[in-house]
Amino acid sequence: MKHIVILISGRGSNMEAIVQACASEGWPARIAAVISNRPDAGGLAFAQAHGIPTAVVDHRSFGKGDTARAAFDAELQRVIDGFAPDLVVLAGFMRILTPAFTGHYAGRMLNIHPSLLPAFTGLHTHQRAIEAGCRVAGATVHFVTAELDHGPIVAQAVVPVLDGDDESALAARVLAREHRMYPSAVRWFVEGQLVIDGAQVRHREGASQMFS
Ligand code: GRF
């Protein structure tokens with residue numbers, strides 16, 4: 001039985017999708033904890049209602065600057081490791097992480113980013129894709145490395161950008177795919193199906209890593 005710790009900062013809809021898939025599909029895993037850097041993260045209530053332990057490590061109580069960032073990451077790591085995770089899942093966790101933190105979880109921390117990486121790292125991805133005239137957009141699940149929104153790609157989901165789309169319309173189309181792709185990717189990890197080969201990740205049994 002693998003232990004999964006999920007980190008959120010907000011509404012946690014990807015976390016919900018993972019919790020529900022884990023239960024309904026009978027994964028060889030349990031959600032050991034949901035942890036937020038924001039006490040008001042909407043997703044905490046969902047986790048509590050499902051009997052999942054929750055914790056908050058509030059980044060604001062650490063102040064600003066490099067020393068504060070390192071201290072926050074160290075405390076977050078201590079809290080996470082208290083749940084002995086096999087996998088850490090970033091699901092809308094809005095923090096830039098230190099190399100010490102990402103190194104500690106190398107090969108066992110996943111993130112979902114709402115763009116077709118390596119395009120549009122960072123924020124406001126949907127608006128930037130629309131402004132750039134992209135005809136497709138999407139989301140990427142990747143292993144986390146020290147570089148923001150980089151790391152070996154586990155899966156990508158592609159959606160069309162339609163005439164007249166605004167940021168929220170495109171975000172909603174992408175999010176619906178995220179809710180199918182992220183649980184699949186996490187399941188692959190806990191079932192031991194993912195092989196990291198340099199910058200690339202392949203599925204042992206050849207499942208399609210492209211969602212549409
Ligand atoms: C998602 O679009 C995810 O790709 C991005 O932040 C959003 C989080 O949404 N990293 P939610 O909190 O999972 O609902």
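Using the Cβ of Ile130 as centre and a radius below 13 Å, the other residues enclosed give a net charge of -2, where K and R count +1 and D and E count -1. In a Gaussian network model over the chain where Cα atoms closer than 10 Å are linked, find which of Val56, Val195, Val89 has the largest mean-square fluctuation. Top of the fluctuation ranking is Val195. For the peptides 36-44, 121-129, the ranking by packing is 36-44, 121-129, with the highest mean count of neighbouring Cβ atoms within 10 Å listed first. Annotation note: trypsin sites (Lys or Arg not before Pro) in region 151-212 located in DSSP loop regions with a Cβ neighbour count of at most 11 within 10 Å are Arg204. Can you list the residues of region 166-185 with backbone N under 11 Å from a point 7 Å past the Cα of Ile130, pointing along Cα to Cβ? Inside the label zone: 166-172. Each other residue within a Cβ distance under 11 Å of Trp27 adds +1 if Lys or Arg and -1 if Asp or Glu, for a net charge of +1. Counted over the chain, the DSSP beta bridges are approximately 45% antiparallel. Computed extension gain for Arg60 through Met94, at 0.36 nm per residue and net of the alpha carbon distance, reaches 10.9 nm.
Using C-alpha pairs below 8 Å separated by at least 6 residues, the relative contact order for region 112-212 is 27 percent.
Per the Debye calculation on the chain with a single equal scatterer at every Cα and no solvent contribution, log₁₀ I(q)/I(0) for q = 0.15, 0.16, 0.17 Å⁻¹ amounts to -0.96, -1.10, -1.24. Spin-label model, Asp166/Arg204: points 7 Å from Cα along the beta carbon direction are separated by 4.8 nm. Between amide H atoms placed 1.01 Å from N, distances below 5 Å from Val201 occur with Ile153, all of them 5 or more places distant or on a separate chain. Amide hydrogen proximity for Ala137: with H placed 1.01 Å from N in the peptide plane, the residues at 5 or more positions away or on another chain lying under 5 Å are Val159, Val161. Annotation: amide H of Met109 within the under-5 Å range of Val88, Val144, sequence separation 5 or more or interchain, hydrogens built in the peptide plane. For the chain, the relative contact order is 19 percent, taking Cα pairs closer than 8 Å that sit 6 or more residues apart in sequence and dividing their mean separation by the residue count.
Bear in mind these aren't lab numbers, they're just calculated from the coordinates by the rules spelled out. None of these values were measured; they are calculated from a predicted model. Counting neighbours? That spans all protein chains shown, and the Cβs are built from the backbone with ideal geometry, glycine included.
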